[in-house]
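Worksheet: the structure to be examined is printed underneath.
The values are calculated or read from the model by the stated rules, or taken from the named source; none is laboratory data. Predicted, not measured: the structure shown is a model, and the values here were computed from it. Positions of Cβ are generated from backbone atoms using ideal geometry, with glycine treated the same way; all protein chains shown enter the neighbour counts. Just the protein is used for accessible areas: all its heavy atoms, side chains included, with ligands, DNA and RNA removed. Shrake-Rupley method; radii C 1.70, N 1.55, O 1.52, S 1.80 Å.
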Amino acid sequence: PTKGSNNYSKIYKIKKFMEILIANFQKNYKFGRYGSIDETMVKFKGRSSFKQYLPAKPIKRGYKIWCLCDSLTGYLFNCRIYFGKEDVVDKETLLGERVVLSLIDGHDFEGKHLYFDNFFTSLSLLEKLKLQRISATGTIRADRIGIRSQFTLKEKMERGECKSIVTSNSVVFKWMDTKHVFLASNDSQNTGIVRISRRLKN
């Protein structure tokens, strides 16, 4: 297909194969209660218009793939290759938010709990997931829209000490490790924060 046509894709040679793979991944597995969304890198040093360079990662050059996995088994349920900067209509929506919503689109995740890191987490995303009755928890960047700047100021806290504020449909936590760690959750029972806290203590 020619570039610019409706059926054009940068991965047109393997697109159909990938669609079959993902469809089978989903057809043959019942997703559990907890899910995790993150990125992975497939090592590649050749020429490609969507090869990524991430100097801070163990695999510095290659293809970046967004992945939705079952947290307890690590099973890959859905994935999407990142092709680089996209032309989007809603420029106010963060890339991480668009990735999460696209990976769960078309699947019934009501009652499930998703986890992700601060690249994906925003109060806007947590609110949208709450409307779909999906719980979500993740670390969050202190400068995200909706978090009061006064709450993010550095202050003396004992290691393991935690403070929180309620904002919109979510709770934002400031937890002290060797430095301040910010987390956010739309889970009214805060079970996601409890699970993360247990892992951090261990």
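Below, the figures for the structure above:
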quantity: Candidates ARG47, ARG159, ARG133, ranked by Gaussian network fluctuation over the chain, Cα under 10 Å, top entry; calculated: ARG47
quantity: Listed residues THR167, THR178, THR40, most fluctuating in the chain (Gaussian network, C-alpha, under 10 Å); calculated: THR178
quantity: Accessible surface of CYS162 - all protein chains present, 1.4 Å probe, nearest 10 Å²; calculated: 70
quantity: Nearest-10 value in Å² for the accessible area of TRP66, using the 1.4 Å probe; calculated: 0
quantity: Relative contact order %, the chain, counting alpha carbon pairs below 8 Å whose residues are six or more apart; calculated: 14
quantity: Cα-based reach from LYS112 at 14 Å (exclusive), listing aspartates and glutamates while leaving out same-chain residues under 8 positions away; calculated: ASP70, ASP187
quantity: Spatially proximal lysines relative to LYS156 (Cα-Cα < 25 Å; intrachain offsets below 8 disregarded); calculated: LYS174, LYS179, LYS201
quantity: Of all accessible heavy-atom area on the chain, the percent that carbon and sulfur account for (1.4 Å); calculated: 51
quantity: Proximal aspartates and glutamates to LYS85, defined as alpha-carbon separation beneath 17 angstrom and excluding residues fewer than eight positions away on the same chain; calculated: GLU39, GLU97
quantity: Stretchable slack from GLU110 to LYS51, in nm (0.36 nm times residue separation minus alpha-carbon distance); calculated: 17.8 nm
quantity: Alpha-carbon radius of gyration plus Dmax, which is the widest Cα pair, for the chain in Å; calculated: 18.6, 60
quantity: Mean residue ellipticity (222 nm) of the chain, computed from DSSP H runs ≥ 4 via -39,500 (n - 2.57), nearest 500; calculated: -6500 deg cm²/dmol
quantity: Förster-model FRET efficiency, 35 Å R0, SER188 and ARG159, C-beta, rounded to 0.05; calculated: 0.80
quantity: Residues of the range 137-178: accessible area per residue with a 1.4 Å probe, Å²; calculated: 66
quantity: Residue-normalised accessible area of the range 1-94, expressed per residue, 1.4 Å probe, Å²; calculated: 73
quantity: C-alpha center-to-center spacing [the range 28-65, the range 146-191] in angstrom; calculated: 29
quantity: Among LEU103, LEU183, LEU21: highest mean-square fluctuation, GNM of the chain, C-alpha pairs under 10 Å; calculated: LEU21
quantity: Surface accessible to a 1.4 Å probe, LYS179 within the full protein complex, Å²; calculated: 140
